[in-house]
Amino acid sequence: MKKKICLVLGSGGSKGLAHLGVIKALVEAKFEITQIVGTSAGAMIGGLYAANPNIKEIEDIVYSLSYRKLSKIIFERPGKSALIQGKNYHNFIAKICAVKMIEDTKIPFKAVTCDLISGNKFVFTRGPIATAICASSAIPAIFSPVEYEEKLLIDGGAIDPVPVDEVESIENQPIVAVALYKKMFPKNLTKLKNASFARIAFDSMQVAICNMSKKAIKKADLAILPEVEDINVLDFVKAKKYVEIGYEAMKAKIDQLNELVS
């Protein structure tokens, strides 16, 4: 009998590379992931894996990112609404993703976003997977919102940073949820007193994200909280470090997960 689980991957910018380590540990322990729901970086890693459940190939892509390659992917002429328009990022995701449509992923996949027009959560369950990933990870002020079906979509972390509620409940399949807020707080008082307005705005947003995450994670059968430092949200070049932290965090809970599926 296969050990089946449902996986929820939370928001966190480049800290989300820890999700790759979590998946790697689950695969090594012979768990079958039957569905993936992701927000922001969780949607990116989750979407890539759902489309192509080959951890080695995804690792190779992530580890190949140098500062030069990353700059070509994300940096372009600023738009009116953000520092990065996101066209290069979209093209990169579309190129490396194994399928074009969510309906074609090998593992059922959902990507959570926030619609600025309605103020509601919008969940991609179908449609272009690159658009879904880019919308879900469109960090406000950094990436321009993504227009889709008369919606203006931004980072899903703004409304549902750990989307446990979007999992389709399946009997005897525990929900494993990964949240990346563990090292968000406490902040350094001296640094905050001298911080820029942008830093204060970003840290204020993290207060809401952290509290929403704590509430959401309680709904999961097993919570994984990798101790990833609160660093530059776009610092993907330190990939191996973040992947390893996620891997060790999941390994530490494998026995507990085995008990849940036995």
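The values are calculated or read from the model by the stated rules, or taken from the named source; none is laboratory data. Keep in mind it's a predicted model, so treat the numbers as computed, not measured. All Cβ positions, glycine included, derive from the backbone under ideal geometry; neighbour counts span all protein chains shown. All accessible areas refer to the heavy atoms of the entire protein, side chains included, with ligands and DNA or RNA removed. Shrake-Rupley method; radii C 1.70, N 1.55, O 1.52, S 1.80 Å.
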*So which residues in segment 86-97 are surrounded by fewer than 18 Cβ atoms within 10 Å (Cβ to Cβ) and in contact with a strand residue (DSSP E or B) (Cβ under 9 Å, 6 or more places away or on another chain), if there are any at all?*
Ala94
_Condition broken by Ala50, with the remaining ones in (1) open to solvent by 20 Å² or more (accessible area, probe 1.4 Å); (2) closer than 26 Å to Val164 by Cβ; (3) modelled with pLDDT of 85 or more satisfied_ = (1)
*Complete set of residues in segment 135-169 that are assigned to a strand (DSSP E or B) and more than 14 Å from the chain's Cα centre (by Cα)*: Phe143, Val146, Glu147, Tyr148, Lys151, Leu152, Leu153
*Which condition number does His19 fail, the rest of (1) of a type outside the set (Lys, Arg); (2) surrounded by fewer than 24 Cβ atoms within 10 Å (Cβ to Cβ); (3) modelled with pLDDT of 95 or more being met?*
(2)
*Tyr89, sole failed condition from (1) modelled with pLDDT of 95 or more; (2) in contact with a Phe, Trp or Tyr (Cβ under 9 Å, 6 or more places away or on another chain); (3) not hydrophobic (A, V, I, L, M, F, W, C)*: (1)
*Go over the candidates Lys187, Lys214, Lys219 one by one and state the one that is part of a loop (DSSP other than H, G, I, E, B) and modelled with pLDDT of 85 or more.*
Lys219
*Any chance you could count how many residues in segment 123-145 are within 22 Å of Tyr49 (Cα to Cα), out of contact with any Lys or Arg (no Cβ under 6 Å at 6 or more places or on another chain) and open to solvent by less than 40 Å² (accessible area, probe 1.4 Å)?*
13
*Selection count where residues are surrounded by fewer than 24 Cβ atoms within 10 Å (Cβ to Cβ) and touching a strand residue (DSSP E or B) at 6+ places or on another chain (Cβ under 7 Å), scope segment 27-47*: 6
*For Cys6, work out the one condition from (1) under 20 Å from Val112 (Cα atoms); (2) in contact with a Gly (Cβ under 9 Å, 6 or more places away or on another chain) it doesn't fulfil.*
(2)
_Condition first: surrounded by 24 or more Cβ atoms within 10 Å (Cβ to Cβ) and on the phi > 0 side of the Ramachandran plot. Now tell me which residues in segment 1-16 satisfy that._
Gly12
*Sort out which residues of segment 98-122 are without any contact (Cβ under 8 Å) to a residue 60 or more places away in the chain, surrounded by fewer than 21 Cβ atoms within 10 Å (Cβ to Cβ) and either in a loop (DSSP other than H, G, I, E, B) or of a type in the set (A, V, I, L, M) (or both), and write them in order of number.*
Ala98, Val99, Lys100, Met101, Lys106, Leu116, Ile117, Ser118, Gly119, Asn120
*Consider only pairs whose beta carbons are under 9 Å apart and that are at least six residues apart or on different chains; among these, list those whose first residue lies in segment 56-78 and is part of a loop (DSSP other than H, G, I, E, B) and whose second residue is open to solvent by 90 Å² or more (accessible area, probe 1.4 Å).*
Phe75/Leu83; Glu76/Lys87
*Report whether or not Lys80 is open to solvent by 30 Å² or more (accessible area, probe 1.4 Å), modelled with pLDDT of 90 or more, among the charged types (D, E, K, R) and under 15 Å from Val146 (Cα atoms).*
no
